[in-house]
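Down below is the structure, laid out as C-alpha cells.
The values are calculated or read from the model by the stated rules, or taken from the named source; none is laboratory data. The shown structure was predicted, so the numbers you read here are calculated from the model rather than taken from an experiment. Positions of Cβ are generated from backbone atoms using ideal geometry, with glycine treated the same way; all protein chains shown enter the neighbour counts.
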Amino acid sequence: MTRVLSGAVLLVLAVAVVWFAPPVLFFGVAELLRQVTQGVYVSDAELWERWRDTNERVSVRYVAFPPDRLVPDSAVSLTEAATIPAR
C-alpha cells in the first residue's frame, strides 16, 4: 500500500510541476530527478529473474509408498523381475 501511495504522490507532483511550474522550477526538478535516477540500472537478466520468481508456478504430483509394504532389493532377483509382465 505504501508503494501505491508514494507512486500516486510522485505522479501528482510530476503533473503539477509539468503543468504549473515556471521554467526555472521545471528544469530544477528535471535535473534533480536526473541526478537521483542516474545510478539506477536493472539488467534484462535481473528483470527476467524477478518476473519469473513472481509469476512462475509449478505443479507437483507424487505417489506415496508406505514403508511397511516395500520389498528389499535383496529379495528380488533380476531374472524374476524380467518375467513380470509389463502393464
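In summary, V58 fulfils each of the numbered conditions (1) more than 30 Å from L13 (Cβ to Cβ); (2) at pLDDT below 80 with the single exception of condition (2). Looking at R34, R50, R61, just one residue is in a loop (DSSP other than H, G, I, E, B), free of Cβ contacts under 8 Å to residues at least 24 places away in the same chain and not aliphatic (A, V, I, L, M), and that residue is R61.
Only one of the numbered conditions (1) surrounded by 10 or more Cβ atoms within 10 Å (Cβ to Cβ); (2) out of contact with any Phe, Trp or Tyr (no Cβ under 9 Å at 6 or more places or on another chain); (3) of a type in the set (A, V, I, L, M); (4) modelled with pLDDT under 85 is violated by L25, and that is (4).
Every listed requirement among (1) more than 26 Å from L13 (Cβ to Cβ); (2) not in a helix (DSSP H, G or I) is met by Y41 save one, (1). Filtering segment 72-87 to residues that are surrounded by fewer than 10 Cβ atoms within 10 Å (Cβ to Cβ), assigned to a loop (DSSP other than H, G, I, E, B) and aliphatic (A, V, I, L, M) leaves I84, A86. Annotation: of all residues in segment 28-71 being surrounded by 10 or more Cβ atoms within 10 Å (Cβ to Cβ) and within 26 Å of the chain's Cα centre (by Cα), the one that is nearest to A16 (Cα to Cα) is L47.
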